Amino acid sequence: MGQQFQLPELDDGTDDGTLVAWHVEPGERVAAGSRVAEVETDKSVIEVTIPESVAVTELLRAPGDTVAVGDALFSYEETDSDGETDRAATDDDGPKSAVTRTDDDDGPKSAVTRTDDDGSGPQPATQRESTETRPTVHEGDTDDRTEVLVVGAGPGGYVTAIKAARYGLDVTLVEKEAYGGTCLNFGCIPSKALIHGSDVAHEARNAGALGITAEVDVDVTQLVEWKDGVVDTLTGGVEGLCEAAGVTLVDGVARFVGEHAAAVETADGTETVGFEYAVVATGSRLIEVPGFEPDGEYVLDSRDALAMESLPESLLVVGAGYIGMELSTVFAKLGTDVTVVEMFDDVLPIYEDDISRIVREQASEYGVEFRFGELADHWEHDGDGVRVWTETEDGETTELAADAVLTVVGREPVSDTVNLAAAGIETDEDGFIPTDAQGRTVRDHIFAIGDVTSEPMLAHKAMHEGEVAAAAIAGEPAALDHAAMPAAVFTDPEVATVGLTSEEAAEAGYSPVTGQMPMSGNGRALTVGSADGFVRVVADEPSGRVLGVQMVAPNASELLGEATLAIEHGLTLEALAGTVHTHPTLSEAVMEAAADARGEAIHTH
Ligand code: FAD
């Protein structure tokens with residue numbers, strides 16, 4: 001029997017509002033926890049979510065209609081926890097009905113939508129059973145059993161494991177190298193520790209304007225030891241949290257040998273583990289530049305750079321993306337001569353021009369030199385260092401010399417360590433594992449989360465996806481929503497963004513209005529001696545709803561929390577601008593940018 005979904009109690013206490021947009025359409029299967037509609041009340045814009053998985057049959061209201069709590073919004077049929085409708089007839093509808101969508105049409109697109117099969121990609125749910133490869137090992141034949149097998153203990157994997165164990169599930173977490181994964185061992189944490197160390201050295205050397213002078217000597221071995229201590233504290237913490245939650249930790253490599261079984265190779269041998277559910281959280285690795293295979297001495301990758309025991313006098317960095325710019329800034333501040341080679345025409349190519357410009361200009365002030373429009377072609381040993389040849393699009397070559405070359409040109413998913421084929425799972429052409437809004441692969445009981453599933457490759461995205469997957473396994477309502485996915489670059493000044501740029505908002509059909517507050521007008525920025533940059537707020541002009549925020553500012557990564565919260569909860573410019581902010585703080589710039597978008601800013605014009 002078809003049922004009707006009624007507008008639930010509204011979070012802001014109001015009784016009615018205007019239906020602004022649908023996030024679902026007839027024929028669509030919607031996972032529990034997904035957003036289904038947007039309702040604007042007198043106080044705010046509210047995302048209406050659905051507590052259970054359903055198949056939408058008919059929309060009963062249109063955008064622009066006034067809707068009150070209790071009004072029927074759409075009719076639906078119930079589905080089981082795997083998103084299959086309870087009626088066999090729905091399966092007959094074919095692959096279309098396998099689409100599970102939680103992406104907001106207007107939000108940044110996540111790669112979580114499973115679409116109709118075009119013959120090239122993984123098969124949608126309704127075609128699975130007929131095309132599956134029979135498993136070679138069955139759960140019953142295995143040496144050991146677990147309810148949930150998590151492969152990879154990076155931020156995605158360990159969060160999934162802890163969360164699933166806290167739901168009362170029996171969880172085994174297999175890690176082949178280091179608990180905490182890339183982020184804690186070779187990425188976010190060590191890089192931020194070295195950024196802090198280089199900031200301290202740089203500030204101490206450059207405080208003359210404040211009447212403070214100091215002779216600064218950097219002992220890189222000690223700096224790296226301190227950084228390693230921070231890493232050890234956190235990775236030890238991860239193991240402790242897992243153990244406290246009752247997760248079984250296994251040091252080894254896991255490979256599927258069937259749909260419900262994996263071979264786990266450890267120092268003591270290999271055993272097969274049967275599982276009811278599996279979560280692939282195998283992360284990503286650096287992309288190698290052809291001809292520049294890292295050797296740890298002359299050709300370095302970011303892992304080598306974060307573990308250096310002495311400072312090179314000169315360093316050539318290939319790639320001006322976020323990792324390249326963070327590490328270039330670290331080495332330049334510590335006293336290395338840094339030259340960055342980038343094939344595009346500015347740093348941080350995926351960001352807006354005014355953001356890239358500020359980061360480039362500041363990096364130049366710290367002594368970084370740039371060569372844009374050039375590709376690193378090949379290299380040779382030269383005494384104790386390297387010679388690197390670069391080439392422009394026109395074929396013009398340049399020879400550069402340095403102590404070492406560091407290549408940081410991006411990351412690719414690690415989907416080749418786990419024998420996905422044995423579980424009947426295929427990757428897309430870029431090596432990512434396609435998943436739906438709960439992280440399910442084409443095998444309903446096998447999930448994939450984190451870097452191995454999609455861009456952006458960020459630790460907090462992996463953790464969020466892990467929480468959703470664990471909840472889905474436990475049968476709780478949960479679905480991914482990447483509309484408010486923040487991102488930060490820890491350069492100096494920092495860059496932080498969330499939601500849509502003005503251009504993206506216009507492309508998505510909004511009438512965007514922007515407000516901007518320069519950090520030079522912010523008292524706190526001046527008192528910390530870092531007044532370059534701005535905060536920009538993008539909103540939908542008619543409703544005032546905040547759609548995106550871009551900032552280049554000291555501590556932008558921290559300031560972004562407020563902006564992310566605003567977007568996640570559909571807050572308006574009025575809410576941001578009308579909230580009293582402590583003075584003097586950098587966060588006042590967020591309030592002022594929102595006020596500027598309303599034509600009401602006090603400290604800018
Ligand atoms: P990972 O952290 O890569 O973990 C995957 C784990 O799976 C690894 O430990 C691997 O050993 C294990 N594994 C793989 N195959 C198997 C197998 N078959 N069996 C058992 N184990 C297996 N992100 C941010 O959000 N903020 C930052 O500031 C930031 N800075 C970064 C700086 C650098 C230099 C780098 C390199 C990355 C940075 N990142 C940052 C990205 C961040 O590290 C990743 O997005 C994050 O680690 C992804 O988490 P994950 O769990 O998906 O994968």
Cα-based Rg / Dmax (Å) for the range 487-597
12.8, 41
Estimated inter-spin distance, E243 and E369, nm [label 7 Å along Cα→Cβ]:
5.2
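So between D268 and T213, what do we pick up on full extension, going 0.36 nm a residue minus the alpha carbon distance?
Details: separation 55, 0.36 × 55 = 19.80 nm, distance 5.74 nm.
Full extension from D268 to T213 adds 14.1 nm.
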Taking amide H atoms as placed 1.01 Å from N in the peptide plane, list the residues 5 or more away in sequence, or in a different chain, whose amide H sits under 5 Å from that of T49.
V36
May I ask you to derive the FRET efficiency for E429 and E476 from their Cβ-Cβ distance with R0 = 30 Å, giving the value to the nearest 0.05?
0.35
By average C-beta atoms within 10 angstrom, highest first, the peptides 184-194, 504-514, 309-319
184-194, 309-319, 504-514
Normalised by the residues of the range 299-409, what does the relative contact order come to in percent, with Cα pairs under 8 Å and at least six apart?
35
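In debye to the nearest 20, how big a dipole does the chain give about its Cα centre with +1 on each Lys and Arg Cβ and -1 on each Asp and Glu Cβ?
That gives a dipole near 1120 debye.
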Pulled fully out, how much extra length does the chain show between E507 and V230, if you take 0.36 nm times their separation in residues and subtract their Cα-Cα distance?
95.4 nm
What three numbers, in Å, describe the spread of the alpha carbons of the range 493-540 along their principal axes, ordered from the longest?
40, 17, 11
The range 315-449: radius of gyration and largest Cα-Cα distance (Dmax), Å:
19.4, 57
Please state, as a whole number in µm²/s, the translational diffusion coefficient that the Stokes-Einstein equation yields for the chain at 10 °C and 1.306 mPa s, with Rh defined as the Kirkwood radius across alpha carbon pairs.
61
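Taking all protein chains in place and a 1.4 Å probe, what share, in percent, of the accessible surface of the chain do carbon and sulfur account for? Intermediate values should be presented prior to the final figure.
On the way: 12190 of 26140 Å².
Here carbon and sulfur together make up 47 percent of the probe-accessible area.
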State the dimensionless ratio Rg/Rh of the range 136-229 (Rg: radius of gyration of Cα atoms; Rh: Kirkwood radius).
1.30
Pairwise FRET efficiency - D143 versus D377, Cβ, R0 = 56 Å, nearest 0.05
0.65
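Highest mean first, what order results for 416-428, 249-261 on Cβ atoms within 10 Å? Each step should come with its number before you reach the end.
Details: 416-428: 18.7, 249-261: 21.8.
Result, highest mean Cβ count within 10 Å first: 249-261, 416-428.
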Report the extension gain between T66 and H569 in nm, rounded to one decimal, defined as 0.36 nm multiplied by the number of residues separating them, less their alpha carbon distance.
179.0 nm
Label zone at I602, where the point sits 7 Å out along the Cα-to-Cβ direction: the range 553-585 residues whose backbone N lies under 18 Å
574-585
If you take the charge dipole of the range 487-597 about its Cα centre, with +1 on Lys and Arg Cβ and -1 on Asp and Glu Cβ, which of S502, L526, Q550 is farthest toward its positive end?
L526
Determine the dipole magnitude for the range 452-605: charges of +1 sit on the beta-carbon of Lys and Arg, -1 on that of Asp and Glu, nothing else is charged, the reference point is the Cα centre, and the result goes in debye to the nearest 20.
220
Just need the relative contact order of the range 423-565 here, percent rounded to a whole number, with Cα pairs under 8 Å and 6+ apart.
19
Normalised contact order of the range 487-597, rounded percent, pairs of Cα under 8 Å and 6 or more residues apart:
32
Treating only the Cβ of Lys, Arg, Asp and Glu as charged (+1, +1, -1, -1), what charge dipole size does the range 332-391 show about its Cα centre? Round to the nearest 20 debye.
200
Whole-Hz ³J(HN,Hα) from phi, Karplus 6.51 cos²θ - 1.76 cosθ + 1.60, for the range 555-560, glycine and proline x:
6, 4, 4, 7, 5, 5
Interchain or sequence-distant (5+) residues whose placed amide H lies within less than 5 Å of the amide H of F370 are V340
May I ask you to order 322-334, 451-463 by the average number of other C-beta atoms within 10 Å around their residues, highest value first?
322-334, 451-463
Suppose R0 equals 51 Å. What FRET efficiency, 1/(1 + (r/R0)^6) with r the Cβ-Cβ distance, do E399 and E558 give to the nearest 0.05?
0.75
Partnerless cysteines, meaning none of the other Cys C-beta atoms lie under 4.7 Å away, in the chain:
C242
Could you report the range 487-597's accessible area per residue, 1.4 Å probe, as an integer in Å²?
37
Grab the DSSP H runs of the chain that are 4 residues or longer, score each as -39,500 (n - 2.57), total them, divide by all residues and round the 222 nm result to the nearest 500 deg cm²/dmol.
-7500 deg cm²/dmol
In whole Å, what are the extents of the range 426-496 along the principal axes defined by its C-alpha atoms, from largest to smallest?
44, 30, 16
For the range 282-408, report the accessible area per residue in Å² (1.4 Å probe, heavy atoms, rounded to an integer).
46
S314 and E177 label points (each 7 Å along its Cα→Cβ direction) are spaced in nm at 3.1
Residue-wise HN-Hα coupling along the range 347-352, computed from phi with Karplus coefficients 6.51, -1.76, 1.60 (Hz; x: Gly, Pro):
6, 6, x, 7, 9, 5
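The values are calculated or read from the model by the stated rules, or taken from the named source; none is laboratory data. Keep in mind the model is a prediction, meaning the values are calculated, not measured. Please note: Cβ atoms are built from the backbone with ideal geometry, for glycine as well, and neighbour counts cover all protein chains shown. All accessible areas refer to the heavy atoms of the entire protein, side chains included, with ligands and DNA or RNA removed. Shrake-Rupley method; radii C 1.70, N 1.55, O 1.52, S 1.80 Å.
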